[in-house]
Every structure is written in C-alpha cells, then in structure tokens.
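Everything on this sheet refers to the single structure shown next.
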Amino acid sequence: MPATGDLTVAVQDYLKAIYGLEAAGERVTTSALATRMGVSAPSATAMTKRLAELGLVERAPYRGVALTEDGKQRALEVLRHHRLLERYLADRLGLSLDEVHAEADRLEHALSEELEAKIDAELGYPTHDPHGDPIPDRQLRLAPARERTLADLGPGERASVARVPDGDADLLRYLAGLGLVPGSDVEVLAHAPFAGPVTVRTKLGANAISRELAGLIAAA
C-alpha cells in the first residue's frame, strides 16, 4: 500500500478533493477545485503545478487536471483513513452523523498504517462509513457506488436509505430530523410535477424534500 506520510497535509487534501470531483463525473478545472477547497484560483493553480511535479496529476491547459494512477492510490489511502475514522467515531465513541466528518478530517492525516489496521480489525473490517459511502479495502479497492436514489423511486415504492451526503453538518442534522439516515425505512408517497419536491414517509412522518436532495440519497 502506498504511504501518504511523505506528503504534506495540503497535498493530501487536494488529492482527496480531486478524487471527489472525478468520482462525481466533474471536470477538475481550476475554478471547480478552488471552490471545493475554499481557496483562490491562483492558489489552486499553484498546487496543481506542484502535484504535477510530484507525478500525482496530469495537467492540460484550459482543461484542468486528472489524477495519475499514483495520485489515485494516494487519494484512496487518505479516503480509507477518513472513512474508517468516521466509522470508529460513530460506532465506538457515539458521535452523530453530523459530527464525524469534521473530526475525521482533522485526524486522517495523523493515522499510521499500524493504527489503521488495528481500527479496521476492531471494527470487523467494515465496508461502508456511517454515511453509507464505501470504504476502500486494504488493497485500496473501492466497491461500486449505489446508483439508485429516492428520486428514482415511484410513488408507493419502499426502500432502505443506503447513503446520505456527507460534509454538510446542517444538512445531516436536517435529514436526521426527517428520519432519513442510513438503514432507515422510507416510502415515496408522491412526486410533484415539473421537477417539484418528492414527498417521502419515514418512521418520523411524511415530509417533502427537493428533487435535487432526493437525488443525493441512495436507496437499497
């Protein structure tokens, strides 16, 4: 497994951000990366040049960047640290869904390979984090993401929530208040016309959520 210990925290954060944009099917332009990282465009440009010098990305003028195979493996290692930590914080320390992401962000860079292995074994080799995202395995293989969402379900269809968006604590608290958390049962009651809201029912009652949000919640 490649080690990320020789990379700065900033480099690791950028690799994870680029991987996230690529996984979402987005072109990794300077503006997209700057927005994702919350930095200026010149700062993002400078870092992509540095990543290219390290052989972690390939740059194409006016077209953005793409991870090299080495860059992808490094990004997946950081992602494995992050999602294992989220699972540990939720399962062993009782942190809520809206708390684990920020805490894992702070801890992921300091996690040694030895401690990572111990956490993995202690948790029984989990395959998904508390938000329902897949955890890369020890060989950094990642299970395919679930594609079906609440927006895909028709009125009367029932399912279990498989994944919710992470990273936005306010959104996670909102979803928890509606009963839309991984593992919860949900029924789609109605789709409003003209791309209107989707009405769903959980054990906490019926609520309408935006079509866009429904498309971000995976169902199984």
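Key figures
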quantity: The stretch 181-211 - residue that is under 24 Å from Ser96 (Cβ atoms) and outside any strand (DSSP E or B) and, of those, least open to solvent (accessible area, probe 1.4 Å); calculated: Ser184
quantity: Complete set of residues in the stretch 35-65 that are touching a Ser or Thr at 6+ places or on another chain (Cβ under 8 Å) and farther than 24 Å from Asp6 by Cα; calculated: Ala41, Arg63, Gly64
quantity: Unmet requirement for Arg106, which otherwise passes all of (1) touching a Pro at 6+ places or on another chain (Cβ under 9 Å); (2) open to solvent by 60 Å² or more (accessible area, probe 1.4 Å); calculated: (1)
quantity: Total residues in the stretch 164-180, condition among the charged types (D, E, K, R), in contact (Cβ under 8 Å) with a residue 24 or more places away in the chain and surrounded by fewer than 17 Cβ atoms within 10 Å (Cβ to Cβ); calculated: 2
quantity: Failed condition for Ile119, given (1) open to solvent by 40 Å² or more (accessible area, probe 1.4 Å); (2) over 19 Å from the mean Cα position of the chain (by Cα); (3) over 25 Å from Ile217 (Cα atoms); calculated: (1)
quantity: Candidates Leu140, Leu111, filtered to the one that is without any contact (Cβ under 8 Å) to a residue 60 or more places away in the chain and within 20 Å of Tyr19 (Cβ to Cβ); calculated: Leu111
quantity: Given (1) open to solvent by 50 Å² or more (accessible area, probe 1.4 Å); (2) small (Gly, Ala, Ser); (3) more than 21 Å from Leu213 (Cβ to Cβ), number of the condition Ala145 does not satisfy; calculated: (3)
quantity: Leading residue by the ranking (modelled with the highest pLDDT) among those in the stretch 3-38 that are among the aliphatic types (A, V, I, L, M) and open to solvent by 60 Å² or more (accessible area, probe 1.4 Å); calculated: Val9
quantity: Scope the stretch 46-97; condition open to solvent by 40 Å² or more (accessible area, probe 1.4 Å) and assigned to a helix (DSSP H, G or I); matching residues; calculated: Ala46, Lys49, Arg50, Glu53, Glu69, Asp70, Lys72, Gln73, Arg87, Tyr88, Asp91
quantity: Residues within the stretch 3-56 that are at positive phi and under 20 Å from the mean Cα position of the chain (by Cα), tallied; calculated: 2
quantity: Residue tally, condition under 19 Å from Leu142 (Cβ atoms) and either among the aliphatic types (A, V, I, L, M) or assigned to a loop (DSSP other than H, G, I, E, B) (or both), over the stretch 101-123; calculated: 5
quantity: Contacts under 7 angstrom Cβ, first residue in the stretch 20-42 being within 16 Å of Ala10 (Cβ to Cβ), partner assigned to a loop (DSSP other than H, G, I, E, B) and at pLDDT 90 or above, 6 or more apart; calculated: Ala34/Ser40
quantity: Tabulated pairs, the stretch 193-214, first more than 16 Å from Ala159 (Cβ to Cβ), second among the hydrophobic types (A, V, I, L, M, F, W, C) and part of a loop (DSSP other than H, G, I, E, B), C-beta under 7 angstrom, 6+ apart or interchain; calculated: Arg211/Ala195
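The values are calculated or read from the model by the stated rules, or taken from the named source; none is laboratory data. Since we're looking at a predicted model, the values are computed, not measured. Note that we place each Cβ from the backbone using ideal geometry, even for glycine, and neighbour counts take in every protein chain shown. Ligands, DNA and RNA are excluded from the accessible area calculation, which covers all protein heavy atoms including side chains. Shrake-Rupley method; radii C 1.70, N 1.55, O 1.52, S 1.80 Å.
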